[in-house]
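To start, the structure itself, in structure tokens.
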Amino acid sequence: MTEKAQIVFNSPQVQNPNLRDSSSKIIFADHILSSQFLRDYADLEILRQIRPEDIEDVSERYVPLYSTERNSDTVKRVDLSKYLPVRECRTEDSLSASDPIKCRRTDTANLQGLPLYIISLVEHKTKVEYNVVMQILRYMVHIWEDYEKEMDRMRPGISRRKGFRYPPILPMVYYEGTDRWTAPEDLADKIYHGKLLGKYLPHFRYQLVNLHDFSNEELLERGDEISLAMLINKIQTFEDMSEFTSLSEEKLESILRNTPEHLLETLANVLRALLYHMNLSENEVEGAVAKIKERKMGLLFENAKLDILEERRKVEIERQKLAQVQQEAARVQQEAEKAQQETEKAQQEAEKAQQEAAQSQQRAADLQKELQTAQQDREAAQLDQAIVCHILRMLRQGNSDEEITQSIMQRFSLKREQAAEKLNLAFGE
């Protein structure tokens, strides 16, 4: 690696192990690129005229409080004093009435002469993160708390006064990933049953700047260095590089026609981080970087070996094939789960049918028992009737009770007690 390349990769700007994050850090560390980004992509009219000299980088004040993986986030303080409505303040309107310049720059919403600026918080993401809205909220609360403490140190007790206000914060997410951004953009969407709270639910949204929502042609038409840097950051595959080389050489080079030298160096560092990430050789990297410094963007990749890029393309194809296999496996798994659910449902239906069959068998057994009982009752009634008729015949013949009892025992196979009972019943005793 050349000495110059070593300098770039040993600089504080590229300490983050994620080179994508490093390129973003390089971009937003430059005030020209930052001002262009806010003018072009921030959804606020008041930022359409922001200049580089209006921007102060305060990232070092806040970002180190978080983990190193957040090293690509940037926090800018943007001076709005030249762009807000002005008024002449009265003595009682300002904490420093002896400072006429400060009074004249105090708008109607800021009667205490506090600094007039907006905080631009730019979170850089290369993949979808579903808790980003809460990450941003923590950032914002910390910035406001820090502002309150700073103002109280400068002017004791100012935060407790009626006119004290916190600076506005514009939260933005700069997303370079290719997957669709599906994370909630409103804090209220992360609150369980949030609708029940109505107006008492906190609401705030961040602005999503999705790099891949912009075509190469749209970025090129904007014609400034930040859009060129975003064009470079879109290059992630062999196909992306091919699409870049098909852009208008004249338009690409016209962007760099009046670019200051230090900004050329910044764009070169962005490209250098990208190409080393793509595993190109040192000669190929530095050859492409030199084209930026020569303001020849149209010839950026003329020295890159296509066989190396072809290998990258093959790797990408294999990655896509693997993704397809994984998708197919997921589909088969879903079908297996569906079949399992259908099997379980069929088993439940079979068990239900067995229960119904058992209930039917029990009802049939109960009915059979009732029929048997009824048959026995009929047979007993017929036997009683036959015994009564037999007793009547013997009485007409003049037989004694003992003779009748003996005859009943013999004819109907009854014991003496049973025969005597039948005889008594026949006489109503």
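Per residue, region 133-204 exposes 62 Å² of solvent-accessible protein surface, assessed with a 1.4 angstrom probe and all protein chains in place. Determine the share of region 182-237's accessible area contributed by carbon and sulfur atoms, expressed in whole percent, with a 1.4 angstrom probe. In region 182-237, the share of accessible area belonging to carbon and sulfur is 52 percent. Rounded to the nearest percent, how much of the accessible area of region 340-429 (1.4 Å probe, protein heavy atoms only) is carbon and sulfur? Using a 1.4 Å probe with all protein chains present, region 340-429 comes out at 47 percent carbon and sulfur. A simple spin-label model places the labels of residue 334 and residue 142 4.0 nm from each other, with each point 7 Å out along Cα-to-Cβ. The HN-Hα couplings worked out from phi for region 274-285 by the Karplus form 6.51 cos²θ - 1.76 cosθ + 1.60 (θ = phi - 60°) are 5, 6, 5, 5, 8, 6, 6, 6, 4, 4, 5, 4 Hz, whole numbers, x standing for Gly and Pro.
If you filter region 377-429 for trypsin sites (Lys or Arg not before Pro), then keep DSSP loop positions with at most 16 other Cβ within 10 Å, what is left?
Numbers: sites: 378, 393, 396, 411, 415, 416, 422; in loops: 415.
Within region 377-429, the qualifying trypsin sites (Lys or Arg not before Pro) (loop, at most 16 other Cβ atoms within 10 Å) are 415.
The shape of region 109-252 comes out oblate: with a ≥ b ≥ c from the C-alpha gyration tensor, a/c is at least 1.5 while a/b does not beat b/c.
Working from label points 7 Å from Cα in the Cα-to-Cβ sense, the residue 188 to residue 362 distance is 5.6 nm.
Computed FRET efficiency, Cβ-Cβ of residue 221 and residue 350, R0 60 Å: what is it to the nearest 0.05? Please list the in-between numbers first.
Details: r = 67 Å, r/R0 = 1.12.
Efficiency computed from Cβ-Cβ geometry: 0.35.
Could you calculate the FRET efficiency of residue 401 with residue 378 from 1/(1 + (r/R0)^6), where r is the beta carbon distance between them and R0 is 22 Å, rounded to 0.05? Can you show the working numbers first?
Working: r = 29 Å, r/R0 = 1.31.
Efficiency for this residue pair is about 0.15.
Residue pairs exceeding 28 angstrom between C-alpha atoms, taken from 321/345; 125/321; 82/149; 162/195; 82/127; 125/162: 321/345; 162/195; 82/127; 125/162.
The values are calculated or read from the model by the stated rules, or taken from the named source; none is laboratory data. Quick caveat, the model's predicted, so the values are computed rather than measured. Please note: Cβ atoms are built from the backbone with ideal geometry, for glycine as well, and neighbour counts cover all protein chains shown. Areas reflect the complete protein model, heavy atoms only, side chains present, ligands, DNA and RNA absent. Shrake-Rupley method; radii C 1.70, N 1.55, O 1.52, S 1.80 Å.
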